[in-house]
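Here's the structure we're looking at; comments come further down.
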Amino acid sequence: MSYAAAGVDIDAADAAKRDMARLLEPRDPRILNGVGPFATLIDATFPEYRHPVIVFKTEEPGSKQKLAVAHGAYRSLCFDLVNHLVNDIVVMGALPVAVQDAIICGSLQPGAVTAMVAGLAEACRAQECSLTGGETSEQPGVLEPGTYVLAASVVGVVERKAVIDGSRIAPGDTVLALASNGVHTNGYSLVRRLLQEDPSLAARPLGKSSVLDALLVPHRCYLPALRPCLTGEHLHGLAHVTGGGIADNLSRVLPAGTAAEIDLSRIAVPEIFAVLRAAGSLPDAEMLRVFNVGAGMLAVVAAGSEGAVRSAAGAAGVACYPVGRIVEADAAAPDRVTFRGALRWRTV
């Protein structure tokens, strides 16, 4: 009996890790060591900040990773994870410094794992941060061969006076939607159920590609669209629209005494959502609770600041437009976010 016979080949894992090492050479001088040490060292002096605040977040791409791995979409999956992570700290006003991953599998397949590390490194470079050596764990008997669980954490930094926490949100502010590029990383347990019940759905034409292609588009990163406004006075609050949809996520940043009114008719809904709605005969309330329906990020801005935020987003290729306003909260109202109008679904 041996460890290899039990399903873990240390020699194969070591060879894969040596191949990964070339993808993880630190380019940021703040990263003080590379692959090999038991933990990553980051120089936390941040001389460009007067009072730096460290921002830390852990995330995983949900059950979308099962769909992505089944179709060999490793690069797409890695951009999903990194972009989701970066969005979750951008809403606090922070810029990413380093991402550290964890890849857990039933049987280590060097080609797949190396592709994931390469994808993670590329996604980090796109957002001007570093991928540091994380964890690769082979767990036969816990996960089936070919099954992967991918997760990661991000470390970011923000000047304390520039933290965006929603505390400046006030009645009269405008709510802007920054367009999503599709389903992002939420609702895929429902999506996979729809694909299971109708396997032909995946290959159905959608624009110049297919429904499956649309479902595997990586989660959009909003850092390039928001970076020019992070240190100014324009942004009073940001909400990354993930699980729970517009209402649940916008509610997380509203201070006491405020509420939001959102006009659903103003949201530009990508066609993929109309396809999913029709495939599952899903009511609008369910679509709004599960998906972003086209609004991947919401920005609450001061009156008169709409133009600056929309211009910055447009320069990054992200459509940005008003969808609502902040009002005084009605103490008797059960919801902090209310909807008016109706979503405009494309004909499918």
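The values are calculated or read from the model by the stated rules, or taken from the named source; none is laboratory data. Remember, predicted model here, so these are calculated numbers, not experimental data. Neighbour counts are summed over all protein chains in view; Cβ atoms, including those assigned to glycine, are modelled from backbone coordinates with ideal geometry. Just the protein is used for accessible areas: all its heavy atoms, side chains included, with ligands, DNA and RNA removed. Shrake-Rupley method; radii C 1.70, N 1.55, O 1.52, S 1.80 Å.
Points worth noting:
- Count of segment 59-72 residues which are in contact with a Leu (Cβ under 8 Å, 6 or more places away or on another chain) and either assigned to a strand (DSSP E or B) or open to solvent by 30 Å² or more (accessible area, probe 1.4 Å) (or both): 3
- Among the residues listed as PHE56, PHE46, the single one being in a loop (DSSP other than H, G, I, E, B) and of a type in the set (Phe, Trp, Tyr): PHE46
- The residues in segment 83-121 that are assigned to a strand (DSSP E or B) and closer than 28 Å to ILE169 by Cβ can be counted, and the count is 3.
- In the set LEU108, LEU77, only one residue is in contact with a helix residue (DSSP H, G or I) (Cβ under 9 Å, 6 or more places away or on another chain), open to solvent by less than 10 Å² (accessible area, probe 1.4 Å) and of a type in the set (A, V, I, L, M, F, W, C); that residue is LEU77.
- Within segment 233-251, tally of residues that are open to solvent by 30 Å² or more (accessible area, probe 1.4 Å) and farther than 18 Å from ARG325 by Cβ: 3
- For segment 228-261, the set of residues classified as in contact with a strand residue (DSSP E or B) (Cβ under 8 Å, 6 or more places away or on another chain), in a loop (DSSP other than H, G, I, E, B) and more than 20 Å from ASP335 (Cβ to Cβ) consists of LEU230, THR231, HIS234, listed by residue number.
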